[in-house]
1. Set the bar at 32 Å for Cα to Cα. Now go through LYS214/LYS295; LYS401/LYS638; LYS236/LYS371; LYS70/LYS394 and name every pair that lies beyond it.
2. So, with +1 on the Cβ of K and R and -1 on the Cβ of D and E, and no other charges, what is the size of the charge dipole of the chain about its Cα centre, to the nearest 20 debye?
3. What's the extension gain from LEU509 to GLU249 if we count 0.36 nm per residue and subtract their Cα-Cα distance?
4. How large is the Rg to Rh ratio of the chain when both quantities use alpha carbon positions and Rh follows Kirkwood?
5. Determine the calculated [θ] at 222 nm for the chain from helices alone, applying -39500 (n - 2.57) to every DSSP H run no shorter than 4 residues and normalising by the residue count; nearest 500 deg cm²/dmol.
6. Answer rounded, prolate or oblate for the stretch 512-645, using the Cα gyration tensor with square roots of eigenvalues a ≥ b ≥ c: rounded when a/c is under 1.5, else prolate when a/b is larger than b/c, else oblate.
7. I'd like to compare 161-169, 46-54: which one has the highest average count of other Cβ atoms within 10 Å, and what's the full order after that?
8. May I ask which of LYS596/LYS620; LYS24/LYS232; LYS161/LYS553 have a Cα-Cα span longer than 32 Å here?
Amino acid sequence: MANEGSSILNSSDSVDSLLNRLPKERFWESEDMYNWEGVWLTREYLEAALAFKSHFEACDDDIILASTIKTGTTWLKALCLCILQCQNGGADKEEEDILVKYNPHTCVPTLDALTYTMNSNPDFSGMPSPRLFHTHMQYNVLPDSIKNSKCKIIYITRNPKDTLVSIWHFYNTMFRPNEEPFPLEKAFECFYNGVAPYGSFFDHVLQYWSQSLKMPHKILFLKYEELKKDPKAQVKRLASFLGRPFGNEEEVDKVLWRCSLERLKNLEVNKNGLSPWTTVPNSIFFRVGVVGGWKNHLTPEMEERLDQIFRFKAFTYLSGLSPSMADKVSPIPNNGNSAEALLNELPRVRFWDAMDICQWEGFWFEPGLVKSAITFQSCFEAHDDDVVLASTMKTGTTWLKALCLCILKTHCSDGVEEEEVDILVKDNPQVHVQTIEAMVYATKPHSDLYTMPPPRLFHSHLPYNVLPDSIKNSNCKIVYIARNPKDTFVSLWHFFNAIFRHNQDPFPLEEALDCFCNGVHQYGPFFDHVLQYWMESLKRPHKILFLKFEDLKRDPKGQVKRLASFLGRPFRSEEEVDEVLWRCSLERLKNLEVNKNGLSSLTGVPNSSYFRLGIVGDSKNYLTPEMEERLDEITRMKLGSSGLDFMYEV
């Protein structure tokens, strides 16, 4: 996206083209926002963010302050300014104090919201070091130069309840100064669903938190509440991280007095001054600043929903675990850099009391799959005419493989109708379209795939973020199939029971649902997997075709024509469409001898395990109303305003 960003900034038409591909929401009935890389931004801020990501070059001694909105940004800017510029005997007189002359935002501008909105390629070369900047961007979209240099990042966050209330007051002052406040209930839903400037509060915080755990020497993670509770200790911690430890207690007290919220709020520049960047009154950046003010605004139901989503986000994002499963995580020894050492360093749980799975790159895999996926990443070279099928488990993979085989590999279009030459009669689709990380690289790490005739047809269960770069960057095509989460879950439950518990009682459905909802299953989390491909398909519809199992069941002709056209093999007649649909019908495939009684030559799994009912809505026969509501709530939470939805009956 950085390359695309650098090129679109000079073209209004290209910006319009990008915006047309992005999900859009009307924020607070006041301005349109667009979802780019999981971050919600107005057009102006999106252009600035793209310029920031493309052009900013960090220096090793830069200091980047980071935060989502209304979490203590102004206070952090003041503290860092004072520590860096006023600490060592300077500015003893009030008239020399930089905070008396300027609001902190004037001295430490927010790059993506102020600097790059006015100039797409500003010149920072004249700034004295260390340069002090701020950003509201999520970690995943920061410029690479910030991530890869030795510059330091200081992140400040605040509890979500006070953050929400502070945002509500701030935007009412900004957007509705002479109107009734925007309804708190509607503002709550925006915040809860992550439809707010700079995206989901929880994702924003958790990205920096997880990175601070990996790189504590680079990222300092501060909490507003701890600054309020123990300001001396936290400011000493901040100064030490900045390489400016205090020489005595008097220096600490001086910084705390100069930067106290009460003093800052009552300085003339902040009481009556205007921001030179935005003409916003400086007073807007100061309100109450207390911890727990949310209690005067939020209902118990709002409080409970925020508690629930935070628990869900924290455990699924950082470990994939629910609190009840936390004691099952294996310890993490620290060994060398080999594949085995990597596996030892990954969080690990026991899945269904049957096998270990470990978390790698945000998803859960059987350990052997991590090794083969890394080999796949390293060794696979995509061809421009390759076709890569992708899916998470039990979403219609076998059906999609059969359809693509029939369209690409058979000669039905030339009138050859004899069953004995039908490739699907001889072999299960898995034999001809192997899941590459599970069947190819797991058994032959140095597989030679160059001799395959074009177009090469592969499949992967891997999430988009860990696909080989050659697949992402080449002209090969990706076809992804998804299915509604309820039927997917029930199908997974049956499949894993058939594999792991063939002669035993089924694994308890309630426990299986906990695993699914928490994303702790092979190739999980389900929602993250689906959303990655969905968002990429919106950006690059010429490269990625996103299919839904339910659409294929409801309108097979329309969807198979769409598939064939995407593959560059459009049908020439309705008879050709009918023939492919008959050959690939789930009922026919299920009753072919090779699928009724055969075993996979690759895995030893009965071919019949890949076929069950294949109907839409079967989950109703298994899930209680409480289970359905739980899945509905997670679906709303995860898919939010992405534009992706599912059907549960046809």
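1. Violating the 32 Å limit, Cα to Cα: LYS214/LYS295; LYS236/LYS371; LYS70/LYS394.
2. Dipole magnitude for the chain comes out near 980 debye.
3. Gain on stretching LEU509 to GLU249: 87.6 nm.
4. So for the chain, dividing Rg by the Kirkwood Rh gives 1.01.
5. Helix contribution divided over all residues of the chain: -12500 deg cm²/dmol.
6. It is oblate, given that a/c is not under 1.5 and a/b is not larger than b/c.
7. In descending order of packing, they fall as 46-54, 161-169.
8. Distance filter (> 32 Å) returns LYS24/LYS232; LYS161/LYS553.
Each value in this text was obtained by applying a stated rule to the coordinates, not by laboratory testing. These numbers come from a predicted model, not from an experiment. Positions of Cβ are backbone-derived with ideal geometry, glycine not excepted, and every protein chain shown enters the neighbour counts.
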